[in-house]
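Data first, discussion second: the structure below is written as structure tokens.
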Amino acid sequence: MATEGQSEYESVLCVKPEVSVYRIPPRASNRAIRAADWKLDAPDWTGRMRVTARGKAAFVKLEDKISGELFAQAPVEEYPGITVETVSDSSRYFVLRIQDDNGRSAFIGIGFGDRGDAFDFNVALQDHFKWVKQEDEFKKQAQTPDTTPKLDLGFKEGQTITLNIGQSKKRDRSRPQSSGGFGLLPPPPGGKLAPPPSSRSTNHNTEPSAGGSDTGFLLDLDASNSNSADWEASNPATAASSDLWGDFDSVSSN
């Protein structure tokens, strides 16, 4: 029966047709790794590199260009980590910890002739372990029960809701409107209303006779006014005490 790691599908993350391998000197614990300490002009091996992934682990495989025979491989459990390390003086070189089937490991140096190949190698490992981190977070969230209180938006027993729909339209229709579509005029300034028109002007409208002319009508008015003035001059006391509406009363009695 195949194990869980062997049954998982192996995907290819990155392929580079040429990579150089170098033997590196023993590492000093208090000193950064420098590619200038290697024999860069005389690599110990040259071949093809493939970066694959199976499950959460990634594998850096160094293979022969023609036959595809495996020269060495490095299982990568995390990145950045001890399996793949950068050097301090160049972005094209890395330190790789290879491991055989018996579990023995050794450190070698690898380098790319083009800076873009080194960038692709670095990004392929970063993307894979970023995906691994996200998968772990999703699993933790699925296993952890949600303890946050849930919002209850349902109606309780006996609870009602009132909707005011169309109230503004009803108020508009209830407003009284005058004929012709015009509103009521505002009151005059000062709060006083104009007095009603005189009853004399409404009840004693003098109209000219049908057969007479306008000139005759004016002459009759002048004659009546002169007679009234002479009578008031001869009888001042009687004129003062008489009622201004005497003519109207006499006409009414007749």
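Taking GluC sites (Glu not before Pro) across the stretch 8-88, the ones in a DSSP loop with at most 13 further Cβ atoms lying within 10 angstrom of their Cβ are E69, E77.
Report the local net charge at C14: Lys and Arg +1, Asp and Glu -1, summed over other residues whose C-beta lies under 14 Å from its C-beta.
On the way: positive: K16, R48, R50, K61; negative: E10, E18, E63, D114, D117, D120, D127.
Once positives and negatives cancel, what remains is -3.
Grouping the Cα pair distances of the stretch 1-160 into 5 Å bins from zero gives a pair-distance distribution of 1, 8, 14, 18, 17, 11, 7, 5, 4, 3, 2, 2, 2, 2, 2, 1, 0, 0 percent in increasing distance order. Net charge dipole, the stretch 1-81: roughly 320 debye, given to the nearest 20, about the Cα centre with Cβ charges of +1 for Lys and Arg and -1 for Asp and Glu.
Among residues other than E69 with Cβ under 13 Å from its Cβ, the summed charge is +2 (Lys and Arg +1, Asp and Glu -1).
Bear in mind these aren't lab numbers, they're just calculated from the coordinates by the rules spelled out. Being a predicted model, the structure only gives us computed values, none of them experimental. As a convention, Cβ positions derive from the backbone with ideal geometry for all residues, glycine included, and neighbour counts pool all protein chains shown.
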